[in-house]
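Working notes, beginning with the structure itself.
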Amino acid sequence: MKELRLMKGNEAVAEAAIRFGVDGYFGYPITPQSEILEHLMAENPYPKTGMVVLQAESEVASINMVYGGAACGKRVMTTSSSPGISLMQEGLSYIAGAELPCLVVNVVRGGPGLGTIQPSQADYFQSTKGGGHGDYRLIVLAPSSVQEMYDFVGLGFDLAFKYRNPAMLLADGVIGQVMEKVEVDDYKPRWTDEYIKKSFPWATTGKNPNQPHVIVTSLELDSARQEQVNLRIQAKYRECEKNDVRFEMLHCDDAEYIFVAYGSSARICQKAIEMGREKGIKVGLLRPITLWPFPTQILRELSYKVKGMLAVEMSAGQMVEDVILATENRIKVEHFGRFGGIIPSPQEVVTALETKIIGGK
Amino acid sequence: MNESIIKPENLVYRRTPVLTDNVMHYCPGCGHGTIHRLIAEVIEEMGIQEQTIGVAPVGCSVLAYNYLDVDIQEAAHGRAPALATGIKRLKPDFFVFSYQGDGDLAAIGTAETIHACNRGENITMIFVNNGIYGMTGGQMAPTTLEGMKTSTSPYGRDIKMMGNPLKITELLAQLPGTIYVTRQAVYKPALVRKCKTAIRKAFENQRLNKGTSFVEVVSNCNSGWKLPPVEANKWLEENMLPMYPLGDIKDVK
């Protein structure tokens with residue numbers, strides 16, 4: 001029986017990092033995720049596990065500290081919220097270009113600009129389409145509970161190291177702030193330097209005698225070789241799309257309509273399904289767990305069986321574009337969302353399904 | 001050649017094995033090659049090649065990683081001190097150094113520079129100041145002198161419009177996190193030897209774990225300054241050094 005704790009989503013991220021054996025955390029305070037850095041500082045894991053926790057001077061510095069640690073083969077992470085994540089895009093592009101693994105948590109708040117500190121899902125484009133310059137992707141996991149905030153820290157690192165690519169937890173202010181029951185793991189030891197040196201020949205772990213030195217860089221000035229770098233990175237992404245799409249289906253077996261929603265919107269849709277089914281509407285939920293790679297194939301299959309889909313997201317309509325691409329205009333697909341930090345009610349979601357999909361032309 | 005004269009006792013100079021065999025891309029007369037060599041020699045002499053991790057910048061020395069035969073990471077423009085922080089914090093037993101030019105360290109990376117020094121990161125920072133952006137074709141740098149012509153100050157740097165040359169090294173010496181802050185040059189053999197001593201000290205300081213060691217090297221840019229190498233060095237002495245005087249600025253015992 002695992003230990004049970006009552007925690008905020010943000011605290012769960014911090015606790016998971018310590019217990020998973022993360023080597024380093026570099027972060028900068030920003031609402032609504034400052035509890036992560038606060039919890040880590042209060043727990044002071046260094047004497048216990050050797051995990052380094054450092055408050056940086058900016059998000060720009062945080063992500064570049066992550067680069068330095070990741071290039072040493074260490075498990076390093078940072079967390080922030082939307083405006084801070086925007087500042088990290090340069091660093092993320094370099095990390096993806098240098099093919100380094102790391103974990104970034106974005107507890108999304110409303111934008112654009114300084115926006116609001118209230119929850120939002122308006123960073124979908126930024127997270128799933130690259131975000132910074134150049135052709136790259138982040139592996140994006142969308143937790144919809146505090147337990148998943150905890151679990152996806154380890155999963156995120158596993159995927160990041162599997163593909164040598166940054167992984168992101170795309171949460172939102174609701175998931176970051178809400179308190180729920182969490183099963184926590186025992187403390188796992190951090191990787192030893194010997195293990196890292198043996199396992200990751202790409203990492204700067206100190207030059208081995210009689211072997212070439214390790215250079216970690218995203219620079220390749222020769223166009224032919226730079227194209228090869230890009231092709232290698234893209235091949236990796238095709239592998240990831242093939243092997244690591246994750247999603248959850250709820251009441252889809254007999255469904256005529258499907259909500260497509262992730263994170264806290266998926267939680268709202270669960271209630272909306274109950275309300276809809278009480279009214280006789282056969283509606284289910286497809287919850288993407290990986291936003292990239294996106295569950296395109298299952299949505300395509302569902303599009304042959306159902307009459308319509310409603311993408312429910314706290315944005316002006318971002319993920320809906322991927323749902324439309326997946327369903328190939330076979331069925332009606334619409335978006336419903338609130339933004340600016342407003343969380344839609346289940347009733348609003350049901351009404352949107354009725355007016356935009358069932359009653360819509 | 002008479003091979004018989006190749007004997008240890010006849011050795012007057014040997015190229016350090018901490019430099020790779022790659023041919024450097026630097027312009028003839030450029031100081032970078034000399035500064036690379038000094039770092040490499042210090043690493044060799046301290047016997048720390050296998051315990052050193054470097055961070056290369058963006059700028060002319062972006063390819064420093066092709067020449068210095070240690071494990072090395074390439075940073076985004078200005079971010080080398082942040083990378084170095086991440087490395088040193090996670091590998092405190094390693095010798096970590098960053099290598100940056102003036103645009104990298106004193107313009108786009110000012111925040112990372114100041115805060116790494118203010119935290120007293122136990123690293124060695126090498127700062128090569130030639131008052132110009134060399135790689136991008138000779139634009140104005142934060143350290144460009146008043147009246148100095150560059151491609152973005154073609155009529156000379158106008159202080160009122162373009163701001164003042166930034167003496168960031170003096171600024172960093174004010175921070176309690178720095179333990180050794182010095183300004184050196186490599187345009188004369190005697191200065192090369194002095195500079196090497198300073199770099200050696202800046203690396204040795206990491207054993208003390210007391211704070212940041214910072215070595216500025218005032219250097220030249222023949223191409224950007226549009227001067228032949230000898231004249232460039234003369235220009236450096238007459239114009240750069242009055243603004244950026246050589247010597248130790250801070251040395252905490």
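Numbers below:
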| quantity | calculated |
| --- | --- |
| Dipole of region A:253-331 [Lys/Arg +1, Asp/Glu -1 at C-beta], most positive-end residue of A:Tyr304, A:Tyr257, A:Gly276 | A:Gly276 |
| Angle between chain A longest axis and helix A:223-243 axis [Cα atoms, degrees, rounded to 10] | 50 degrees |
| Antiparallel bridges, percent of DSSP beta bridges restricted to region A:248-358 (to nearest 5) | 20 percent |
| Between region A:116-160 and region A:289-361, the alpha-carbon center distance in angstrom | 19 Å |
| Cα gyration tensor category, rounded, prolate or oblate, for chain B with a/c compared to 1.5 | oblate |
| Integer Hz, Karplus 6.51/-1.76/1.60 couplings in order for region B:167-175, x for Gly and Pro | 8, 5, 5, 4, 4, 5, 5, 6, 7 |
| Lysine pair number, Cα distance threshold 18 Å (strictly under), region B:106-253, separation 8 or more or different chains | 14 |
| Radius of gyration, Dmax [region A:3-184; alpha carbons; angstrom] | 14.5, 44 |
| Alpha-carbon centroids, region B:108-134 and region A:212-278: separation in whole Å | 38 Å |
| Helix A:34-43 vs. chain A, principal-axis angle (Cα, 0 to 90°, nearest 10) | 50 degrees |
| Local electrostatic count, A:Glu90, Cβ distance below 13 Å [Lys/Arg +1, Asp/Glu -1] | -1 |
| Summed buried accessible area for B+A [probe radius 1.4 Å, Å², rounded to 100] | 2700 Å² |
| Beta bridge orientation in region A:3-184: antiparallel %, DSSP, nearest 5 | 25 percent |
| Over region B:192-253, relative contact order from alpha-carbon pairs under 8 Å, at least 6 apart, % | 22 percent |
| Positive-pole candidate from B:Tyr187, B:Gly109, B:Gly147, dipole of chain B, charges at beta carbon | B:Gly147 |
| Most mobile of B:Ile159, B:Ile168, B:Ile48 in a GNM of chain B (Cα contacts under 10 Å) | B:Ile159 |
| Accessible area per residue in Å² at 1.4 Å probe, computed on the protein assembly as shown | 40 Å² |
| Three-way shape call for chain A based on the alpha-carbon gyration tensor, with the a/c threshold at 1.5 | prolate |
| Mean Cα-pair separation over length for chain A, i.e. relative contact order, pairs under 8 Å, 6 or more apart, % | 18 percent |
| Within the accessible area of the protein assembly as shown (1.4 Å probe), percent carbon and sulfur | 54 percent |
| Percentage relative contact order, region A:3-184, counting C-alpha pairs under 8 Å, at least six apart | 30 percent |
| Share antiparallel - DSSP beta bridges, the protein assembly as shown, percent rounded to 5 | 25 percent |
| MRE, 222 nm, helices only [DSSP H, n ≥ 4, -39500 (n - 2.57), over chain B, to nearest 500] | -9000 deg cm²/dmol |
| Among A:Ala122, A:Ala235, A:Ala61, residue whose mean-square fluctuation peaks in a GNM of chain A (springs only between Cα atoms under 10 Å) | A:Ala235 |
| Debye, to nearest 20: dipole size of region A:231-311, +1 on Lys, Arg Cβ, -1 on Asp, Glu Cβ | 220 debye |
| Principal axis dimensions, largest first and in whole angstrom, of the protein assembly as shown by Cα | 95, 58, 49 |
| ³J(HN,Hα) computed for each position of region A:203-214 - Karplus, 6.51 cos²θ - 1.76 cosθ + 1.60, integer Hz, glycine/proline x | 8, 7, 10, x, 4, 7, x, 6, 10, x, 5, 8 |
| Test item: Cα-centred dipole of chain B, Lys/Arg +1 and Asp/Glu -1 on Cβ, debye | 460 debye |
| Tilt relative to chain A, helix A:263-278 - C-alpha long axis, 0 to 90 degrees, to 10 | 20 degrees |
| Efficiency of FRET between A:Met179 and B:Gln174 - r from beta-carbon atoms, R0 45 angstrom, step 0.05 | 0.50 |
| For region B:46-85, residues shielded by at least 40 square angstrom of accessible area compared with the chain on its own, probe 1.4 Å | B:Glu50, B:Tyr65, B:Asp69, B:Asp71, B:Ile72, B:Gln73, B:Glu74, B:Ala76, B:Arg79, B:Ala82, B:Leu83 |
| Whether region A:248-358 is rounded, prolate or oblate, judged on the alpha carbon gyration tensor where a/c under 1.5 counts as rounded | rounded |
| Point-charge dipole on Cβ atoms (K/R +1, D/E -1) for region B:70-188, about Cα centre, debye to 20 | 160 debye |
| Shielding of A:217-227 by partner chains, average beta-carbon count, 10 Å | 2 |
| Unit charges at the beta carbon, dipole of region A:3-184: most positive-side option, A:Val53, A:Met88, A:Leu40 | A:Met88 |
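The values are calculated or read from the model by the stated rules, or taken from the named source; none is laboratory data. The structure presented is a predicted model; accordingly, all values stated were derived computationally and were not measured. Don't worry about glycine lacking a Cβ; one is built from the backbone with ideal geometry, like all the others, and counts go over all protein chains shown. Note: accessible area is taken over every heavy atom of the protein model, side chains too, but ligands, DNA and RNA are not part of it. Shrake-Rupley method; radii C 1.70, N 1.55, O 1.52, S 1.80 Å.
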